[in-house]
Structure formats: structure tokens, C-alpha cells
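Input: a single structure, listed below in C-alpha cells.
The values are calculated or read from the model by the stated rules, or taken from the named source; none is laboratory data. Everything quoted here is computed from the prediction, not taken from an experiment. Backbone-built Cβ (ideal geometry, glycine too); neighbour counts: all protein chains shown. Quick note on the areas: whole protein, heavy atoms, side chains included, nothing else; ligands and nucleic acids left out. Shrake-Rupley method; radii C 1.70, N 1.55, O 1.52, S 1.80 Å.
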Amino acid sequence: MTSLPGGTPGGHASCQVAKPPPGQQHALLRILGLACFGSSLGVFLFDPVLPLLSRDFAVPRSQVVAMATAFALAYALAQPIAGALGDQLGKLRVMRVCLGVSALGTVFGSLAPSFELLLATRLVVGFCTAGTFPLCFAILAERIAPEGHQEAFGKASAASVTGSLAGAVGSGFIADALGWRGSLLVAGLIGLTCFAIVTAALRDTREVSSSRAGFGSAFSAYRRILGLASARRGLGLQLALTGLTQGLFPHIAFLVGGSASTVGIVLSGFMIGSIAYGVSLRRTLRWIPPVHLTLAGGLVMTLAMASLSAHLPWLLQFGALLAFGFAYRSAAIPLQTYLATLTPQTQGAMMALHSMAAMLGQSVMPLIYAAGFDSAGIMPTLLVSACLLGLCAVAVASIMRSSKRSR
């Protein structure tokens with residue numbers, strides 16, 4: 001059981017919320033990590049089984065890939081609403097409801113009789129996932145001291161990526177044995193279990209809602225944030241960084257060309273690398289300054305993306321994505337930390353915009369990759385993407401230097 005001190009929730013008054021003692025902060029991090037895990041099970045759940053969906057519903061590859069775009073677009077467009085609801089009704093309350101509904105949506109997806117109904121459940125899951133993961137980060141930013149943000153965000157991201165890993169790998173193996181419907185059903189039941197545990201653990205938590213703030217104040221916060229050139233720059237970088245990276249994932253199944261379980265293993269490389277970053281961050285920073293780590297990560301991302309264009313055996317593709325995942329987090333986490341501290345009084349709104357930017361990139365890039373593969377070919381498209389990822393890392397490192405000098 002975890003009992004948290006009360007306080008005004010939401011980005012409008014996050015600086016006034018009392019910070020829990022260290023022991024309660026660790027307990028809160030564990031519970032929110034479980035919520036991140038449960039909500040992330042469905043993020044890459046479909047990627048290993050897209051060829052199976054194409055076969056079973058007799059739809060072309062381009063239409064099946066749009067399944068990932070639908071999820072990411074629903075997630076992105078839900079961000080302003082989820083952030084506003086979190087600020088108005090309480091982040092913990094909204095997060096729990098969204099966690100439960102997203103799990104139910106996955107269960108219903110396993111019963112969908114047509115591609116259109118499956119797509120509809122995917123839209124619901126994407127919308128509700130937007131109310132879980134970002135609000136967990138906003139709660140952490142609100143209730144943990146700024147000097148602990150990067151470590152807390154790294155651990156929460158590791159929990160989220162663990163969920164994505166379990167969803168991708170488990171989906172592939174279960175689909176080979178029971179079909180894609182079995183994959184969805186198992187993921188949904190696990191998500192419902194996480195919802196039950198999180199709800200029980202936080203049932204004594206009290207939040208003071210901010211009913212007077214309303215959606216008008218929330219959207220005013222979004223406008224104020226977007227009025228800052230530094231915020232626009234950071235959000236644009238997040239859109240590009242996530243889009244270039246995770247926008248490729250729906251195509252991995254077709255690039256690998258193996259069974260669903262093989263595709264799941266290859267995709268797991270990225271998630272395992274991301275987890276390794278989260279659990280080793282403290283030790284790594286003892287040896288490598290954060291800015292140097294981000295620049296090194298940019299070089300690794302460039303090389304990893306370029307290697308994927310060489311049609312390597314699946315085991316080498318797994319290794320490339322393993323390094324890719326660690327390197328991606330070395331740029332993404334500092335950028336997220338910077339954005340979280342940029343507007344202390346509107347952290348809920350900022351985290352919503354951060355996730356919205358990331359998912360817009362993830363929704364658009366699968367279609368851009370598909371167009372590039374069809375017109376220019378796989379190798380030229382991925383080489384251009386590799387160069388752009390390196391430039392993104394350099395830009396993040398520049399932001400980190402400027403932020404350090406301004407403190």
C-alpha cells in the first residue's frame with residue numbers, strides 16, 4: 001500500500017506539491033513503473049504480426065502498416081485532452097481509468113471480426129494509452145525533486161520499454177502458437193492485472209482536483225509553452241528523433257521476413273538496449289559526461305540505422321537494434337528532462353505536448369518510410385535517416401550545454 005501526500009495536481013501548480021520522503025518516492029516509482037509497463041504492452045504488440053493480419057483480412061501491406069499509424073495518431077491527438085483532464089481531475093485518477101480502458105480495448109480487439117473493427121479498438125487503445133504513460137511522467141516530475149528527474153525518468157522509461165519488450169516478443173511467440181488473436185487476449189489480461197494492482201496500491205491516495213482550472217486554462221498553458229522558442233525546438237527534436245527511430249518498426253517484420261517470433265526477437269533488441277540504458281545510467285554517468293554520452297549515442301544511432309540497410313541476418317539485426325535502443329535513450333531522456341524542467345508551473349501540459357510530439361512522429365514516419373522504400377529503395381532511405389538521427393543527437397547535445405550554462 002502506498003499513501004502519498006496530498007497536493008494540487010496538474011501542471012498549473014506542480015511547484016506547490018509537497019515532495020514525498022525518499023522511501024515513498026521509491027514506492028511511487030515502483031507503482032508508476034508497473035502502470036507504464038501495463039500501458040506499454042500494446043504499443044508494439046501488432047508489429048510482429050502485421051503479415052498475419054495482411055493474410056487473414058486480405059488487406060495490402062500499406063493498409064496494414066497504417067494500423068501503427070492509427071494507434072500513434074490517436075495517442076498524439078489525445079495528448080491535449082489527457083493532459084487537461086489530468087490537470088483538472090487529478091493525474092493519478094485519470095491515469096488509472098485510462099490504464100483499465102486500454103487493457104479492455106486490447107481484449108476486445110482479440111474478438112474483432114473485421115479489420116475495420118480491429119482498427120477501431122486500436123484507436124481506443126491508442127487514445128487511452130495517451131492518458132497513462134505521459135501522466136506517470138508528469139506525476140514523477142511533480143513529486144520528485146528536480147535533481148532526481150533524470151534517474152526517475154530513466155527507470156520509468158525502462159519499465160515502459162520492458163512492457164513494450166514483453167508485448168513485442170510475447171506477441172510473436174504466442175502468435176506462432178495461437179495466432180494473433182491469442183497475442184491480443186494475453187496482453188489484455190496482463191494489462192487488466194496491472195490495472196488491478198495499481199488501483200489497489202493507490203486506493204488511499206488523495207488528490208485535490210482543480211475544477212476551476214478547466215480546459216480553457218489547460219489550452220492556455222499549451223499556447224504559452226508553444227510560444228517559447230526553446231520549447232518548440234525541443235518538441236520538434238522529439239518529433240524527429242522518435243519518428244525516425246520508431247517509425248521504422250512497423251516495417252521490421254517485412255524487412256526481416258521471418259516468423260512472427262523471429263520478428264519479435266529482432267524488435268526486442270531495441271527495447272533491451274533501452275532497458276540497459278535505464279538500469280546502467282548512474283554507473284555510466286560516472287565515467288562519461290552526459291553531453292559526451294549523447295554525442296556518442298548519435299554516432300551509434302547513425303551506424304545502427306545504416307547497418308539495417310545492408311540486409312543482414314536477423315541475429316545481426318538484433319545486435320544493431322540492441323545498440324540502437326541504448327543510443328536512442330542517451331538522446332531522448334536528456335531531451336525529456338530538459339522539457340520537463342523548462343516550464344515548472346505547467347509540467348503536466350509540457351509532458352502532454354512532449355508525448356504528442358513523439359507520437360506524431362511515430363504516426364507519420366511509417367508512411368514516409370513506405371514512400372521512400374517504394375520510390376528510392378530501402379538502402380538510400382535508411383542512409384538518409386541515419387544521417388538525420390546523427391544531426392538530432394548533435395542538436396540535443398547543444399541544448400544540454402546551453403541548459404547547463406544557464407543554471
Checking understanding here: applying a Kyte-Doolittle mean of at least -1.0 and a length along the axis of at least 24 Å (C-alpha), which whole DSSP H helices in the chain pass? 22-40, 61-89, 91-109, 149-178, 180-201, 229-246, 260-287, 290-308, 314-342, 347-375, 378-406
Semi-axes of the equivalent ellipsoid of the stretch 29-108: what are they in whole Å, largest first, if each equals the square root of 5 times a C-alpha gyration tensor eigenvalue? 29, 15, 10
Run the accessible area of the chain with a 1.4 Å probe and give the carbon-and-sulfur part as a rounded percent. 68 percent
Listed highest first by mean packing, meaning other Cβ atoms within 10 Å per residue, what order do 387-393, 237-243 come in? 237-243, 387-393
Compute the semi-axes of the equivalent ellipsoid of the stretch 85-214, taking the square root of 5 times each eigenvalue of the Cα gyration tensor, and list them largest first in whole Å. 29, 18, 12
Translational D (Stokes-Einstein, µm²/s) of the stretch 172-326 at 4 °C and 1.567 mPa s when Rh comes from the Kirkwood sum over C-alpha pairs? 67 µm²/s
Residues with amide H under 5 Å of Ser259's amide H, sequence separation 5 or more or different chain, H placed in the peptide plane at 1.01 Å from N; which? none
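Hey, how much of the P(r) for the chain falls beyond 35 Å, as a percent of Cα pairs?
21 percent
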With the charge dipole of the chain built from beta-carbon charges (+1 for Lys and Arg, -1 for Asp and Glu) about the Cα centre, the Cα from Thr262, Val59, Ile144 projecting farthest to the positive end belongs to Ile144
Using 0.36 nm per residue, how much length does the chain from Ser220 to Ala120 gain when fully extended, once their Cα-Cα distance is taken away? 32.9 nm
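How big is the dipole moment of the chain about its Cα centre under a simple scheme where the beta carbon of each Lys and Arg is +1, that of each Asp and Glu is -1, and everything else is neutral? Debye, nearest 20, please.
Charge dipole, the chain, about its Cα centre: 1140 debye, nearest 20.
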proj_area_mean for the stretch 361-407 (convex hull on C-alpha atoms), units nm², value 3.8 nm²
With Rg from the Cα atoms and Rh as the Kirkwood inverse mean 1/r over Cα pairs, the stretch 105-182 has an Rg/Rh of 1.11
Calculate, for the chain, the solvent-accessible area per residue in square angstrom, rolling a 1.4 angstrom probe over the heavy atoms of the protein chains. 38 Å²
Run the Debye formula on the Cα coordinates of the stretch 251-407, all scatterers equal and no solvent, and tell me log10 I(q)/I(0) at q = 0.11, 0.17, 0.19 1/Å. -0.49, -1.10, -1.30
Is it possible to state the helix-based mean residue ellipticity at 222 nm for the chain, with each DSSP H run of 4+ residues giving -39500 (n - 2.57), the sum divided by total residues, to the nearest 500 deg cm²/dmol? What is it? -27500 deg cm²/dmol
